[in-house]
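The values are calculated or read from the model by the stated rules, or taken from the named source; none is laboratory data. Model, not experiment: these values are computed from the prediction. Note that each Cβ is placed from the backbone with ideal geometry, even for glycine, and that neighbours are counted across all protein chains shown. When the accessible area is computed, the model is the full protein with side chains, heavy atoms only, and any ligands, DNA or RNA have been set aside. Shrake-Rupley method; radii C 1.70, N 1.55, O 1.52, S 1.80 Å.
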Amino acid sequence: MTKLQREAIVRAALELVNEVGMDGLTTRRLAERLGVEQPALYWHFKNKRALLDAVAQAMLAGRQACLLPGPGEDWRVFLREYARSFRRVLLACRDGARIYAGTRQSGLQMYTRQAQCDFLCAEGFAPAVAACALQTIGRYVVGAVLDEQAIEAARPAAANEGPDHHPALAAAAQENFAQAEPDTAFERGLAIFLDGLAVSSDSNTR
């Protein structure tokens, strides 16, 4: 297979995920979509995890803005916009968070992460804190989207169980933070994270 054909496999897999979800993505279905025999896929992807790594990279490629800070940009502004952009990309794909979780970073992604760490270090963070901050904010975004997409996927089933079935739970849900509007909940958690990071930065500069 040529490189173009490999890209076609990834593109078809991404389309299939958006139609049937991550659990519905199988090599059999993908082979049928491409009009090839199933074993032909293993020339490029030895297992589903390897395929999902490629799908995750395709999902992010050219879509995530704010990967690097602009000239003179404050670290808070950069991390906030980076997190928001990452979240938008994951939400744009069905099961986006599940696909991304556990993926292995490509060489380009490692280069970008190093540049991000260098920026935070120049802003006064210790290297270990900078690396931990980037990893933590990434995990926060993935976790938030994972929860958001899981709630959305379960909504049709939950709609069939009205308040009469679980009155206590229905009442509690109205007070539950998890039921807050997703954008508001995400921004609240992000602000808490950035406030905590600012304390760490201040302690390092004293």
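Looking at segment 43-135, none of the helices (runs of 4 or more DSSP H) lying wholly inside it contains 3 or more residues that are touching a strand residue (DSSP E or B) at 6+ places or on another chain (Cβ under 9 Å). Out of curiosity, is residue 97 buried (at least 18 other Cβ atoms within 10 Å of the Cβ) and either farther than 23 Å from residue 53 by Cβ or of a type outside the set (A, V, I, L, M, F, W, C) (or both)? When the stated conditions are applied, residue 97 does not pass them. Residues of segment 99-130 that are touching a helix residue (DSSP H, G or I) at 6+ places or on another chain (Cβ under 8 Å) and of a type in the set (A, V, I, L, M): 99, 101, 120, 126, 129, 130. Taking residue 9, is it open to solvent by less than 30 Å² (accessible area, probe 1.4 Å), in a helix (DSSP H, G or I), within 30 Å of residue 197 (Cβ to Cβ) and touching a helix residue (DSSP H, G or I) at 6+ places or on another chain (Cβ under 7 Å)? Taking the combined requirement at face value, the residue does not satisfy it.
Across segment 107-115, a minimum of one residue is classified as more than 15 Å from the chain's Cα centre (by Cα) and in contact (Cβ under 8 Å) with a residue 40 or more places away in the chain.
Filtering 88, 104, 33 for residues that are under 19 Å from residue 136 (Cα atoms), modelled with pLDDT of 90 or more and open to solvent by 70 Å² or more (accessible area, probe 1.4 Å) leaves a single hit, 88. Counting only residues that are free of Cβ contacts under 8 Å to residues at least 40 places away in the same chain, in contact with a helix residue (DSSP H, G or I) (Cβ under 7 Å, 6 or more places away or on another chain) and either surrounded by 12 or more Cβ atoms within 10 Å (Cβ to Cβ) or closer than 18 Å to residue 61 by Cα (or both), segment 12-30 holds 6 of them.
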